[in-house]
Amino acid sequence: MSGPTPELLPQSYKTDEHPIWCPGCGDFGVLDAVYKSLAGLQVQPKDLVVVSGIGCSGRTPGFVKSYGFHSLHGRVLPVALGVKLANPSLCVIGVGGDGDGFAIGGGHIPHAARRNPDMVYVIMDNSTYGLTKGQYSPTSPRGYQAGSTPYGNIEQPLNPLAMLIAYGATFVAQGYSGKPRELADVVTKAIEHKGFAFVNVISPCITFNNTYKVIPQKLKETPQDHDVTNRAKAFELALDTAHVQLGIFYQVSQPTFEEGAAEVIQKAQASGPPRLEEIFSEFS
Amino acid sequence: MADPVIDYVFRVGGEGGEGVISTGEMLTTALARAGFEIYTFRTYPAEIKGGHANFQVRAAGKLLLSYGDAVDVLLAFNQEAYDKHVQDVRPGGVIVYDADSFTPPASTGAVFYGVPLTSLATEKVGIKLTKNIVALGFLADFFAIPSEVFTELLKEKFGRKGEMVVQKNLTAFQVGVDCARQTKKQDQIKLGVGPRKTKELVLSGNESLALGAIAAGCRIYAGYPITPATDIMEFLARELPKLGGFVVQTEDEISAIGTVLGASFAGKKAMTATSGPGFSLMTEMLGLGVTAELPAVIIDVQRVGPSTGMPTKTEQGDLYHAVYSGHGACPRIVMALTSVEDSFYGIMRAFNLAEQFQVPVVVLSDASLGHRKATVPVPDMTRVPVIERRRPSAADLISYKRYRFTPDHVSPMSAPGMEGGGYVAEGLEHTETGYPAASDHQNHLRSTQKRYGKFPQVEVIANDLARTYGDPKPEIGIIGWGSTEGVIREAVEMAQAKGYSVGALHPKILYPQPLAKLKAFISGPKAIIIPEVNYTGQFATLLRKRFAYDFIQLNKCIGLPFTPKEIFDKIEEVAQHVRANTRAVAAKL
Ligand SMILES: Cc1ncc(C[n+]2csc(CCOP(=O)(O)OP(=O)(O)O)c2C)c(N)n1
């Protein structure tokens, strides 16, 4: 994917639009990591599409010099699938919040995972609904107190990593926005991965759910000798809720959706591409 | 050569899943190949097996506009089929029934032929399930439909299953023929060879639509199964890959339309098809398509609502939803398909409108149209020239503004992969560049004006496409929409033959409305009837808002399409009041 000179630097992907995020928002770290990995891979802006839903994370496409699609709350994946299907040569990165992805858009994730389109899906997980001012989200801990849970959250949080492993995603990883360099490495590997790459990023919300103090104490690198193709071990890491494990949990190779589609097309065209007139004759 | 005035309605009724539909379909294809025009109608149960199914085919030596009124020949496989349909058989009509299954009371004024279909199939063929082929043999010989057409058809249909199966079916057919030869004919019905010599296709509305989509350049289809739209997806799943396209069966309708919008953004022509409940789910995305100015085609093959309603029955009940669904000022184009033939060209026009104006186009079909088959001339692909979206020039790409305000309100649209064309397709209100401008009051006004600014141009096309027929200066006018075109036309012909002055207007684009045509039409007649297959008169209501005119509604709400006579009767009723100069009363009818 190396492009023509001049070489693309991380700042080459910055637009004139200044992020509207609160100063100190974890999402800045995610954006920086994305810039870094794009530059590292020399992804051409014209061949890049960033698709988002709605939420603080939803504004991301406006901050990346590329093509973008700011869609609806929870609908990142269907739109991204359409883009990829229309033009498989594009680099497609979907971004969303934890509410966007796991609440309203939760129905799409298993299907994206099992279809395995070659795209990256980054969740900026702040365990709250940032844009609507701090209600609890599907990843908020029990007891989380906010506008809609004045007496504390009574629901159990989802485990995004375990879910994605269970859904059959072919790449499942976690990063922390406070460690953008390490995060950039993970995002790079996600982009390089051929298939559906899921990256959960712990991205604290400085305004409504400031976890900057607690997260660093829980951080842990996935073990050096972790075999990423071992699904059971990947589950084990995902279920370690005492820690925030950083790195790649699971990565396997499966045919992608586009490859499948190309095969179907090849099969259908085995006897040469038919003209419409020939299809008509089936009905006479 | 047969008499061109031949015009017969055959109806087959029996248990669902037992070959009723395939019997009807074979009869249809055979009649079409024998040179007749055909027009079918089917109702079928919501159950997969069991329940009652029936299939009707009208065959004639002239162009057909509706499924007809009374039944000439009823083929009843069981008592239920007889009970359900006997009242539709015209006096002097024919009832062929399976004598092994039941004995009808012979008192209806019809001519009865009891044929032991089940025992003939069991004893002479050895396969009970071939009773419908035995029945076809009987009908073919008894009504002089050329046998060769059927035998060819049986070979084609069963050829893939092996020589054995073909032979068994040919035997079954012959058993039916022999039985007919031993039966004394007591009726006058005789078809022979039809007058048409040119090749025509036998297509359902859904098939015609799917072919039109391919012709228009649609290469991506995303959808979720729902009756009566599913066969569009199944058809395209088979055909699109042959042309390099692809079909995704998504996890729901939200995803379907999301995939369509994503594909359109990335430069492909894309479509989805659904029915009412699925269309409801698509509403939010429709708004996104409008504000992000993305070409997309959304088919709603309407069925009876609300909610899951009557899934296999027909209604024109989604017009309000098509026109008004979505929040905010949300202009989209709404079209309605009028016939099997029009489904081909209509869908091509829908893609053209979507591409030309960069807006989602909602296309309304319905169960009766989607599932009926008709003979249509081989489509002429040059009739509707294919239009592509406006692309940015090199100059546009120097400092690209995706949503640039232009004199005709249409902006050049880039696609990923184009150097310099990068932008964000926005669901938020945005500036010309696509930057969100959620707090800029004046920009919202300008952007809204831009999106609605395309409408006058669409209206010109809508006026062009609106069709009139019947008396050009009628005393009684009819305004119809969608799949009622043919039946209205037939009713108008019936009324004209009886000396009434009747003329009709049938718009194809319903929103924006063809105002000039409507205005001109409405100023003429003494009374105007609006027939709709819905309860409240949705189109009549839309028109009342634009024209202070007391339209007379004719509404049918039993899940079935109109028959010509129902519309004719209304014309006659209104005509009598108009003649008696009691328009005030007519208006209240
Ligand atoms: C259909 C719909 N429902 C509700 C909303 C309101 N809404 C906007 S953002 C949001 C939650 C965002 O939370 P999350 O996805 O976690 O992202 P964050 O803002 O924290 O990045 C909600 C409920 C909406 N835009 N659309």
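A few points about this structure:
- Take every pair of alpha-carbon atoms less than 8 Å apart whose residues are at least six positions apart; their mean separation over the length of chain A yields a relative contact order of 17 percent.
- Computed across the stretch B:106-258, the Kirkwood radius stands at 19.0 Å (inverse of mean 1/r, all Cα pairs).
- Interface A:B - total buried accessible surface [probe 1.4 Å, Å², rounded to 100]: 4300 Å²
- Exposure ranking of B:Y400, B:Y221, A:Y151 by accessible area [1.4 Å probe, largest first]: A:Y151, B:Y400, B:Y221
- Set the Cα radius of gyration of the stretch B:140-215 against 2.2 N^0.38 Å, with N its number of residues, and you get 1.46.
- Projection of the Cα convex hull of the stretch B:1-40, averaged over all directions and equal to a quarter of that hull's surface, yields 3.0 nm².
- Within straight-line reach of B:K161, meaning a Cα separation under 29 Å, sit the following lysines at least 8 residues removed in sequence or on another chain: A:K267, B:K49, B:K124, B:K128, B:K131, B:K199, B:K242, B:K373.
- Legend: Rg and Dmax of the stretch B:237-315, from Cα coordinates, 13.5, 38 Å.
- When the surface is traced with a 1.4 Å probe over the full set of protein chains, A:M163 keeps roughly 40 Å² accessible.
- Shape analysis of the stretch B:182-238 based on the Cα gyration tensor places the equivalent ellipsoid semi-axes at 38, 17, 8 Å, largest first.
- The alpha-carbon atoms of chain B, seen along their principal axes, cover 84, 66, 42 angstrom, with the largest extent given first.
- Rg ratio for the stretch B:414-481: its Cα radius of gyration over 2.2 N^0.38 Å, N being its residue count, equals 1.88.
- Summarised as an ellipsoid, the stretch B:289-427 has semi-axes of 33, 20, 10 Å, derived from the eigenvalues of the Cα gyration tensor scaled by 5 and square-rooted, with the largest first.
- Rg over Rh for the stretch A:149-283 works out to 1.20, both radii taken from alpha-carbon positions and Rh defined as the Kirkwood radius.
- Normalised by residue count, chain A yields a Cα convex hull volume of 163 Å³ per residue.
- Chymotrypsin sites (Phe, Trp or Tyr not before Pro) within the stretch A:169-257, DSSP loop, no more than 16 other Cβ atoms inside 10 Å: A:Y212
- Each principal axis of the Cα cloud of the stretch A:1-115 was taken in turn, and the coordinate range along them, longest first, works out to 42, 36, 18 Å.
- Of the trypsin sites (Lys or Arg not before Pro) in the stretch A:206-284, those whose Cβ has at most 12 other Cβ within 10 Å and which sit in DSSP loop: A:K213, A:R275
- For the stretch B:347-500: Kirkwood Rh in Å [reciprocal of mean 1/r, alpha carbons]: 19.4 Å
- The alpha carbon convex hull volume per residue for the stretch A:103-223 rounds to 115 Å³.
- Heavy atoms of A:E221: accessible area, 1.4 Å probe, square angstrom to 10: 110 Å²
- Scaling against 2.2 N^0.38 Å puts the C-alpha radius of gyration of the protein assembly as shown at 1.08.
- Rolling a 1.4 Å probe over the protein heavy atoms leaves B:K185 with an accessible area of roughly 80 Å².
The values are calculated or read from the model by the stated rules, or taken from the named source; none is laboratory data. Predicted model, so just to flag it, every value in this text is computed and none were measured. When we count neighbours, we look across all protein chains shown, and the Cβ atoms used for this are built from the backbone with ideal geometry, even at glycine. We work out accessible area using only protein heavy atoms, side chains counted, and drop any ligands, DNA or RNA first. Shrake-Rupley method; radii C 1.70, N 1.55, O 1.52, S 1.80 Å.
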